[in-house]
């Protein structure tokens, strides 16, 4: 008996035991359960075109949202700079959500503090909370810069960050020269990508203004600022490493504007520090002298791009996340054009190897119907990758796709891209929709694969479609963010994720005739 | 000296419901504090699994939080769905009540839930939405309970939110229904959220002693069973920090006796079961409990033997909140693990008293958070393992400290006798994993002596 008891099943197996199954049955009496027939009818209805239409006419409620709010993005932007403490001005719960959210994705700690506003702050304003918060957090976390953003609450009561920071300086809580960059990030506007953009622009403009340096594009080439590179709201630390590899292969000088890969991929040395890596604060004003800025999330980085083009008078090369062969080709072409350097042979060779891999796998992915969910720039990249491999994007949902770049809207670009290939002919792009809409689409018009964040797993399960986790957030799988998805190496990673999922499915669902050893 | 009056004493305690009661300790600006009242209210009520939970506010209060708790359901999954009114800037100027009404209507029409809980957020509270009126009107029209939960984030800590959720249950749910005739009545479990299925282990124990669970408040609950919670004979408060006030109020309103207890550790489990039977005033039941607990304890003692040998003398730092701050200490002590540091940030005064009863004088109390404070204790006390929640987990990893997740994201159930065995096993595994040895030894080329004889 006791020997048996040492075998402790986890809850997956434990609760399939008879006694728990029985218990569940007993509980159903409280649930006013529907009959099996009613359940089946409801399921069938949810797969009908009628419900699809009803669901898409839904105006009021959002069901299973697929976006986070501005301050979350702004924390990620702040962590891209050396020894910078993200500071959220508002009630404290927001900050704890952001920290959990980012930590669950990256499996790393997220240093970020809050001004913990309460009812009295709601009535009298949050100035004293902000000032106390600055004092306490600088003493506790010893940052070299604080990056301050707001929440809904601070925005609704109309707190003025600039004057509050001024008052904090006057009171001597922070010294005159201690840098505090800031931006407004109300959560009822935009999404996490808007917040990333606002904070990045906030930090760049703040550090540039206080330096007294005058932008002189091209003059910094000797001191190391030939190219500025921005990755934006980047859920993959591996993408930073891949871009670095590419730029180093070109042998060009460059500065990352915002690099949180240090903070979200730090080694376990036995001693936790609050800050790892990041763009050096002194490098920011010098970046104004670079030749050009390469922006790899054009929809995400709208305001920042405008700022760099306008104030720094710099050439901007903006594109969506360069996924797949075509996307990466465009990236290398652009770098070559901006720097005047030829594409290095090592990258051409790598391209050849990945093209070879795509050819090896193409029989298994050709014609696979795919549903996609994600942020706008990631989706442009993913659509491009699908089209070049012969996969057919069918349903594309972008909750925060109501964005434009140079007057071209995300939806227009996505549709034009889809129209450029026969494999895109069945696709429809939905912006401002949620994952309950996606569920309807998946049930009504089934696909072979779903690609998106962990949040898509519920809809994918209901529709019995395998989910390939790409994007943000990925909470339920480990280490996905460490592998790049951009560049040629990224194309190979995406390909192996997808083709091996397809092959796993083949093995799992085999009918007895196709359990092949060689594929 | 005047004796301290009872109500004054109560007002000091965080669980008190008296109007004069002081709010829970205010978070300090500039720290990485825990969740807000909205969060607290939601996590208390979300385990009502068949109800719909609608967040009235901008998208992210729901977008950042839906389906990220480990409270398991044995059946319905509606509570898993993230419903939000997603207010935008024009709603904030012109008001979002119309959107709220339409959202409630849609949910009622499409999902037919037994009840809808509607949560206010910072924004809807600030712009003065009359949520109560909208909910009342919708409830009457749709003939289902639509319950406003007024717990916007800025009113205070997560714990205050737990209590406000309790208030909503008292005001709108408890006492509104009656059990079917013949339903055996027994104990309400209050403040047990069925993380990783712990409730199921507890229920199994209670059932084998013949004790019926009347209502689960709220781990793996169904809406209907909470409506008749007032018919229970005994209330057991599992997380006192969260819902002690609810039990107190039920005592004064319905005359149901309550006690505070825990299921972490064999002794606490035995105590809790005995207390239930005692308050049920049923001698036969008491005898059954005695037989059950004796049998389970002696079995457990045998099963634990190999683990205790490995765990004896190990030192742990425990950083968690509420009931776990003291009850897990008991569990660890039974395994021979010494608690050298304990977080008191989220504990009531009663909790702290209970901590003091269970640890020695040389245990360090960690009053407030911040990774550095916890780490300092681990280092100074040479602790072998850190037991805390998910947000501190990755810090522990950086410091190469063995770690066990004890909070809401854990995937192991630690309650009851079987739970203690699982805890022992997890502790052993975490401590014994070869990665710690690998992590703490330098790379071969950094060692002073060459790794082999030349």
Kindly provide the set of residues from region B:29-63 that are in a helix (DSSP H, G or I) and in contact (Cβ under 8 Å) with a residue 40 or more places away in the chain, ordered by number.
B:37, B:38, B:39, B:40, B:41, B:42, B:43, B:44, B:45, B:61
For region A:141-150, enumerate the residues that are in contact with a helix residue (DSSP H, G or I) (Cβ under 9 Å, 6 or more places away or on another chain) and either more than 10 Å from chain B (Cβ to nearest Cβ) or crowded, with 24+ Cβ neighbours inside 10 Å (or both).
A:143, A:145, A:146, A:147, A:148, A:149, A:150
For region B:155-164, enumerate the residues that are away from chain A (no Cβ under 14 Å) and in contact with a strand residue (DSSP E or B) (Cβ under 8 Å, 6 or more places away or on another chain).
none
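Go through region A:256-274 and give me each residue that's touching a strand residue (DSSP E or B) at 6+ places or on another chain (Cβ under 8 Å) and either within 12 Å of chain B (Cβ to nearest Cβ) or not in a loop (DSSP other than H, G, I, E, B) (or both).
Within region A:256-274, A:256, A:274 meet the criteria.
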Go through region A:131-140 and count every residue that is surrounded by 18 or more Cβ atoms within 10 Å (Cβ to Cβ) and more than 7 Å from chain B (Cβ to nearest Cβ).
2
Provide a single number: the residues in region B:357-388 that are within 12 Å of chain A (Cβ to nearest Cβ), at pLDDT 80 or above and either surrounded by fewer than 20 Cβ atoms within 10 Å (Cβ to Cβ) or not in a strand (DSSP E or B) (or both).
6
Could you go through region A:185-194 and let me know if any residue there is over 23 Å from residue B:153 (Cα atoms), surrounded by fewer than 20 Cβ atoms within 10 Å (Cβ to Cβ) and within 13 Å of chain B (Cβ to nearest Cβ).
no
Selection from region B:250-276 of residues more than 29 Å from residue B:318 (Cα to Cα) and either at pLDDT below 95 or touching a strand residue (DSSP E or B) at 6+ places or on another chain (Cβ under 9 Å) (or both) yields B:250, B:251, B:256, B:257
Being facing another protein chain (nearest Cβ under 7 Å), free of Cβ contacts under 8 Å to residues at least 24 places away in the same chain and in contact with a helix residue (DSSP H, G or I) (Cβ under 9 Å, 6 or more places away or on another chain) narrows it down to one residue among A:91, A:96, A:128, A:116; which is it?
A:96
For region B:105-125 the number of residues that are facing chain A (nearest Cβ under 8 Å), crowded, with 24+ Cβ neighbours inside 10 Å and either closer than 21 Å to residue A:435 by Cβ or at pLDDT below 90 (or both) is 2
Report yes if residue B:221 is in contact (Cβ under 8 Å) with a residue 12 or more places away in the chain and over 25 Å from residue B:411 (Cα atoms), otherwise no.
no
Considering each residue of region B:131-154, count those that are crowded, with 24+ Cβ neighbours inside 10 Å, touching a strand residue (DSSP E or B) at 6+ places or on another chain (Cβ under 6 Å) and in a loop (DSSP other than H, G, I, E, B), and give that number.
1
Hey, does region B:136-154 have a residue that's modelled with pLDDT of 95 or more, closer than 26 Å to residue A:195 by Cβ and either within 9 Å of another protein chain (Cβ to nearest Cβ) or under 24 Å from the mean Cα position of the chain (by Cα) (or both)?
no
So for region B:56-69 (the condition being more than 9 Å from every other protein chain (Cβ to nearest Cβ), more than 19 Å from residue A:399 (Cα to Cα) and in contact with a strand residue (DSSP E or B) (Cβ under 9 Å, 6 or more places away or on another chain)), does at least one residue qualify?
yes
Anything in region A:55-84 that is on the phi > 0 side of the Ramachandran plot and either at pLDDT below 95 or within 13 Å of another protein chain (Cβ to nearest Cβ) (or both)? List them, or say none.
A:64
For residue B:215, indicate whether it is touching a strand residue (DSSP E or B) at 6+ places or on another chain (Cβ under 8 Å) and either within 30 Å of residue B:299 (Cα to Cα) or not in a helix (DSSP H, G or I) (or both).
yes
Six or more apart or on different chains, Cβ under 7 Å: which pairs go from a residue in region A:195-219 that's on the phi > 0 side of the Ramachandran plot to one that's modelled with pLDDT under 95? Could you list them?
A:218/A:291
How about region B:85-96: which of its residues are more than 9 Å from every other protein chain (Cβ to nearest Cβ) and either crowded, with 23+ Cβ neighbours inside 10 Å or touching a strand residue (DSSP E or B) at 6+ places or on another chain (Cβ under 9 Å) (or both)?
B:96
Which one of A:280, A:245 is within 21 Å of residue A:484 (Cα to Cα) and touching a residue at least 60 places away in the same chain (Cβ under 8 Å)?
A:245
Which numbered condition in (1) surrounded by fewer than 22 Cβ atoms within 10 Å (Cβ to Cβ); (2) under 31 Å from the mean Cα position of the chain (by Cα); (3) assigned to a helix (DSSP H, G or I) is the only one that residue B:79 fails?
(1)
Enumeration of residues in region A:425-471 that are more than 19 Å from the chain's Cα centre (by Cα), within 23 Å of residue A:299 (Cα to Cα) and surrounded by fewer than 21 Cβ atoms within 10 Å (Cβ to Cβ)
A:428
For region B:112-130, does any single residue satisfy the condition of being within 27 Å of residue B:200 (Cβ to Cβ) and part of a helix (DSSP H, G or I)?
no
Where residues in region A:13-24 are in a helix (DSSP H, G or I) and more than 9 Å from chain B (Cβ to nearest Cβ), which of them is modelled with the lowest pLDDT?
A:13
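The values are calculated or read from the model by the stated rules, or taken from the named source; none is laboratory data. Remember, predicted model here, so these are calculated numbers, not experimental data. Reconstructed Cβ throughout: ideal geometry from the backbone, glycine too, with neighbour counts over all protein chains shown.
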